[in-house]
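This report refers to the structure that appears directly beneath it.
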Amino acid sequence: MRRPNCQQPVKTIVCPTQQKCVNTCSYSQVNYVHPTHTTVTDHHTVQNTHFYPQSTSWGQTVNQTNVFGGQTWPPNYGNAGFNWPR
């Protein structure tokens with residue numbers, strides 16, 4: 001039998017935990033350095049121009065021969081009109 005005016009103890013029931021997801025966003029900056037090197041090369045050409053001046057000379061040679069004419073005297077030697085050089 002029950003007791004009058006008496007309460008029974010309160011029952012507590014624990015339910016399974018509910019899973020809730022909260023998404024957050026953040027922002028960060030990452031610097032990337034891409035180095036570049038440029039080499040400037042100056043190409044210089046020296047053009048050498050060659051000249052070949054030419055001159056012309058003229059010369060003349062003279063050859064002389066002496067020929068023995070034999071034992072005879074020049075013509076008209078001993079004539080009255082011939083003057084032998086002195």
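Check Gly70, Gly59 and return the single one that is among the small types (Gly, Ala, Ser), at pLDDT 80 or above and part of a loop (DSSP other than H, G, I, E, B).
Gly59
Conditions: (1) surrounded by 10 or more Cβ atoms within 10 Å (Cβ to Cβ); (2) at pLDDT 85 or above. Tyr32 meets all but one. Number of the miss?
Tallying (1) surrounded by 10 or more Cβ atoms within 10 Å (Cβ to Cβ); (2) at pLDDT 85 or above, Tyr32 fails exactly one: (1).
The values are calculated or read from the model by the stated rules, or taken from the named source; none is laboratory data. Note that the structure is predicted; figures quoted are calculated from it, not measured. Glycine gets a Cβ as well: all are built from the backbone with ideal geometry, and neighbour counts include every protein chain shown.
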